[in-house]
Amino acid sequence: MKHTWVEPAPTHFTSKMDGSKEQRLSTLTRHIIGSSEYASPPQLPACAEPWGSIDMPASDVRMGRWIACSDTPIAQLSRGDIPAVVIRNVLSREECTSVLTALGNEDLYPRDFVPYLSMENRPTVLKEGRESGWVDLAGQHERFDIGTSLGNLGSNPGKFFGEARTMLTKVLAAVPKNPITTLYDALSILSGGRTVSTAEERSGEWAGCQYGVGIFRSHLPNFGYSPHIDSVRYREKRTGYDVYKHSTQLGGIVLLQAPDQIPSTGSNTPGYISPDTRRYHDAILYQAPCTNPAVASFIERETDYRPNGAYLQIRAKNFREFAIQEQLNSCKISLQPGDMYFFKADSIHEIPAFGGDKARMNLATFIGFDEEHDKPISVWS
């Protein structure tokens, strides 16, 4: 039996608009950078060698230069030719604050999370606070989520699709600049004008049900994410979901609150080994796609699993040795509030631990991409 919803679904976030590809891109570019003058912009600066990101300000109208280009930044990213596409200042600090205070004013933070917020990002009215949303590790709060996650709830599709219909649409409708639509629009521009929309089941029992549009994820100090991949196809093997069909999984992040940017040993995470205790980074990306035979074999040998058989993480110490042996290229990503970046999630990456008193707060999404020209792009959390 198919499951359908009686209530009208919330806004289905999409970048698709009427008119030609050029007209749509003009509108998208204007939404992100306040100008539609995308025609014939100058060439982007060359990527750093040997494996460097495309890194540009949002104010640069050159984001629209891929209208008729088959080898777009997102296509390059999907192949692993570049580690990331970083766009600076997509949101102003004031716009980031408006998002975080809106979430708080809707009573979406637990009371014990509020101290991890900067003073300017705290709710103006402190209410009861949520009792749910915490994710624990080793008996301690590791992070806090607002929104639904296929990674957390994929084994329970009824709960997953039910929670995908969250309060996020209502909350974000009131902010000056919606980070979710901003991310979707940027993704469309960087892929040469492809349609970008929230993933939806097309057939089967859950046909017509929409995935989460994105998730607000807050990481706490002194926890780190060891080397890992994120992939519905290659890690979680969720064959029952439509997003399994995408050949490549990317990730998209908008930083809303930066932590104190103090490097940490990550002592709260069992088995974690800090990649760099001298400098803070938001992420470290490796040129190690899980489809590479040597990488796939290593992941198979060196992955720890939870007692229920679920994937946990790659053994950090052994990965460091493997990275040296294979001479893997790497790229360190450092962000400020309002910065956005896209990366290849099904390639090995890690999230270093940090110290201080503040949480690192992101809008996070996954992205299903296929190389075929003009094939729509799916986004989910």
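The values are calculated or read from the model by the stated rules, or taken from the named source; none is laboratory data. Bear in mind that the values here come from a model prediction, so they are computed numbers and not experimental data. Here the Cβ is made from the backbone with ideal geometry for all residues, glycine too, and neighbour counts use every protein chain on show. The protein model used for the area step is the full one, side chains on, heavy atoms only, and it has no ligands, DNA or RNA in it. Shrake-Rupley method; radii C 1.70, N 1.55, O 1.52, S 1.80 Å.
Laid out as a table, the results:
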| read-out | value |
| --- | --- |
| Gained length - Asn89 relative to Asn156, 0.36 nm times residue gap less alpha-carbon distance | 20.4 nm |
| Amide H contacts of His281 (H built 1.01 Å from N, under 5 Å, at least 5 apart or other chain) | none |
| Label-to-label distance, nm, for residues given as Ala138 and Glu371 (7 Å Cα→Cβ offset) | 4.2 |
| In Hz, Karplus ³J(HN,Hα) per residue of region 143-151 (6.51, -1.76, 1.60; θ = phi - 60°; x = Gly, Pro) | 7, 9, 10, 10, x, 9, 9, 4, x |
| Segment Thr124-Lys332, extension gain: residue separation times 0.36 nm, minus the distance between their alpha carbons | 71.3 nm |
| Stretch gain in nm, segment Val114-Ser297, where the contour uses 0.36 nm per residue and the Cα spacing is subtracted | 61.6 nm |
| Carbon + sulfur, % of accessible area of region 74-180 - ligands and nucleic acids excluded, 1.4 Å | 47 |
| Three-way shape label, region 132-239, alpha-carbon gyration tensor, a/c 1.5 | rounded |
| Region 104-208, relative contact order [Cα under 8 Å, separation at least 6], % | 14 |
| Efficiency of FRET from Cβ geometry, Ala207 and Ser59, R₀ 51 Å, rounded to 0.05 | 0.75 |
| Cα gyration tensor shape for region 240-287, rounded if a/c is under 1.5, else prolate or oblate | prolate |
| For Thr198, residues with placed amide H under 5 Å, excluding near neighbours | Phe13, Val379 |
| Cubic angstrom per residue, convex hull over Cα atoms of region 279-381 | 168 |
